[in-house]
1. Any idea what the dipole of the chain comes to, in debye rounded to 20, about its Cα centre with Lys/Arg Cβ at +1 and Asp/Glu Cβ at -1?
2. I'd like the per residue volume of the convex hull spanned by the Cα atoms of region 49-108, given in cubic angstrom.
3. How would you rank 426-432, 118-124, 661-667, 832-838, highest first, on the average number of other Cβ atoms within 10 Å across their residues?
4. Which links in LYS89/LYS149; LYS89/LYS546; LYS342/LYS504; LYS284/LYS342; LYS284/LYS346 stretch past 27 Å when you go from one Cα to the other?
5. I'd like the accessible area for LYS346, computed on protein heavy atoms only with a 1.4 Å probe and all protein chains in place. Round to 10 Å², please.
6. Could you please state how large a percent of the accessible area of region 40-121 is carbon and sulfur, counting protein chains only and using a 1.4 Å probe?
7. Residue farthest toward the positive end of the dipole of the chain, with Cβ of Lys/Arg at +1 and Asp/Glu at -1: which of PRO122, PRO612, SER526?
8. Check the straight Cα-Cα distances from LYS386 and name the aspartates and glutamates below 12 Å, setting aside those fewer than 8 residues away within the same chain.
Amino acid sequence: MNPPSDTPASATDVSAPADEPLDPVVESYRKLADVFHDVLSEQSLDDLLQRIADTVGELIPYDDITFYEANDAAQELRAVFASGADAEKVLADDPFPYGVGITGWAVEHREPVLANRAELDPRVRFVTNTTPDPESLIVVPLVARGRLKGTLNIYRAGFQEFTEDEFLLVVRFGDAAALAIDNAHIRATLERQAQTDPLTGLWNHRTFHERLREELVTGSADQTSVALIMLDLDDFKRVNDVYSHASGDQVLSEVAAILLGSVRGSDSVCRIGGEEFAIIAPTKALSDAYRLAERVQEHIAETEFGPVGPVSLSIGIASGPEHAANPRELVACAEVAMMTAKARGKSQIVVFHEDGPGRPSDDVPGRSAEFRSIAHLKMLHGVSTKLSRLNDMSEIGSTIADELRLLIDYHNCRVFVREGEDLRPIAFRGDLDAPASAIDALATRVGDGITGHVAATGEPFIAGDAAHCEIARRIPGTEEIEESLLAVPLRYGPTVVGVIVVSKLGTDQFDGDDLRLLEVLAGHASVALVNARLYEAQRREAESAKALLELTRELSSVTNLDGVLEQVALGAARIMGSERCSVWLPTPEGGLVCRATAGGPAYETLQGRVIPPELVAPFTRSDEPFVMSEEDASRIGRALGVHGTAPAHAIAVVPLDHGLGALAVAVEADVGARELELLAGIASQARLAITNAGSFATLERTFLSTVEALANALEAKDAYTSSHTRWICDMALEVGTVLGLDPDRLKRVELGALFHDIGKIGIPASILMKAGPLSDEERAVIEQHPELGERILAPIEQLAQVRPIVRACHERYDGRGYPDGLAGDQIPLEARIIFACDAFHAMTTDRPYREALGVEEAFRRLADAAGSQFDPQVVEICLRVLRQPPPASG
């Protein structure tokens, strides 16, 4: 309060300097929340480890830091990142088993370790060639989604010890670091899977074109050449037919290994089709490329491929920019050379020459068909190039149908993709007299009709007279016509991913050349379709990762538990594409209480309702998300007092420190493995955010208790009761609540009340403890304490909105207060509330210079000063609250 001019102010003597932050741990936790988003958004693993090291250094000073990577299969730990004086020795150190050393112990027990004077710990293990100097150590096992990723170790040299608060801070940061490292591993794996052939591990068709383009651009800039070597296994269809597709796959894998062992590290080996490979060899002259091709053929000839025996390769070589300057033309040149090698008798190497003798000749008997094949090959290459640019299945189907018309004059063409046991048409060209749309009428199943037969067997089929074919099925609503039909499977390895079907009017219209042509096209088409599916899966994964990252960003901006739960419910509903979601926390009895919902007023009625333990228990046995049936959902709904049919829900159990919570999302569509995996990611983010909110709340309570104790100590120095500050806080909060202040403003009222006289730290004790009247000079000093209080709080960013309140807690309503002479609404409402409550408590408490006034006299003086010293509205509420009888105890 603002004391009368002839009375001294109360005081407390505290030895802490005025410019020292009151609680550095609060500042550390604030920084921790700020960096979570940045760390989780880092993509490169190497950059991520460096970012984590830098971030830990900002939070907690250290001398050395090391990341150990866990190899669960070998039960070993290996250093993958280190900084500090012994970093090179740490990285050169041999892997060591789980359980060995302090780090191994932490991994084996999945527990973080704080070891001050680590060199004396009986569990210690010293890195080879390092001295056992005194040091302090924190080890945090990095566990993400239940899997051990490694450890984070930070060190201080000498006798510098880590505090318990620093230890807890590193442990909290370790949760985010583990998740970030896991995300980086997943991202790298997905990127690698999208770029490589799953059978051989070589670069796939899409990556082949990307790398060839990059090397040609680089070669053009550096004025160097790029050799392209195309390799095709001779008579490979016979291998599959005679020895099985499994044997064929084994041959492909062994050939891939031989190719990888024959090239330089700068060369790229790719599998671009069924049995077709390519080597991109930058800066190699044609003579060098030819020697490489010879070396490959020698290695292939020396190898026995199991039961298949020896195999051979036909190889074509072209060079850019000598033969072609763009990727499409260079591939066409190399393929023409490769087909020429096959025409010469196979197991040959041919270098492309524009007009050289490497071409098959029309006047050589039996060669005209091969020359036609080469012409078709060049056209097929154009189709392959177009397909490699597409990522949408419908566009791929349309391109196949349109380009195929240039090669085969068909009556109609349809392209199917396989989805389980269903065959779904993605493109149709031609005439179809059916009552339904062509796409709907053509849909069929594996094993049904010619199309289904080809999908089931994986073998092509020619029907010279489709109308009278035993396995043919007439499309409902169509008339019988005389036509020939050719169907080939779209195979990717041993898997049939679709079928291409073409028809011509008349009987026996297709021959072996048409079949081979369509099979080659099918090889390109199957790769394009598989890549499109992979791209779509990767796109969905990227969208999921982006959505989870956005949820992480939203959660990191909220510190209170209710806000976190609300963001989890809204974010989960948005990410899962559902209109309804609820978040449930454990009760002490083992049940679940609904704490947050998203989905409109009807769903909000769930908040506060409790699912009894006996209904919860059956669903908490699974660690993985699952779909709860409508029957189970309705039974739980009845227990909650919700009648009617409840929709099925996708449920994710959320393990928390005090029990098992749950995240429930109403199912609006089919839920597959991807959706459940996404829900697991949301639950993991929710768990981390809820845990952090609990830690923040605990930290905030500790912080407020410390501040309250400090304020009480201030007041106790002049015999003021130790509960003075708490009384003012409680009273001010009651008044603020009646005035309708929102939670954020009530929090500022509480903090302002706790800190309102903190500036008295800087006032000499002789003035604070003086029993008699203050002189003018002493009064000028005492009136500086609001400004001192504001300066003391200035370094604490979280108290930025509290500082003006502390500064204004002695401003009078009529403008005659200090330090700024503010009046009326210029004074923050929070300060006006605290001023009135402080004054009443001061009047009713014994002070060194006078005895306490009676409560009624204090009421009278408070009312008399309304409008001059105090805000009239605040005084009215104060008197109303103070006159209320205390609540009965029970």
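1. On the way: 82 positive and 137 negative charges, 122 e Å.
In debye, rounded to 20, the chain gives about 580.
2. Numbers: hull volume 5.4 nm³, N = 60.
Enclosed volume per residue, from the Cα hull, is 90 Å³.
3. Put in order of decreasing packing, that is 832-838, 661-667, 426-432, 118-124.
4. Values: LYS89/LYS149 22 Å; LYS89/LYS546 39 Å; LYS342/LYS504 30 Å; LYS284/LYS342 24 Å; LYS284/LYS346 25 Å.
The answer is LYS89/LYS546; LYS342/LYS504.
5. 70 Å²
6. Details: 1710 of 3990 Å².
Percent of accessible area from carbon and sulfur atoms in region 40-121: 43.
7. In the chain, that residue is PRO612.
8. Once the sequence-local aspartates and glutamates are set aside, what remains near LYS386 is GLU395, ASP402, GLU403.
The values are calculated or read from the model by the stated rules, or taken from the named source; none is laboratory data. Keep in mind it's a predicted model, so treat the numbers as computed, not measured. Counting neighbours? That spans all protein chains shown, and the Cβs are built from the backbone with ideal geometry, glycine included. The area values use the complete protein model at the heavy-atom level, side chains included, leaving out ligands, DNA and RNA. Shrake-Rupley method; radii C 1.70, N 1.55, O 1.52, S 1.80 Å.
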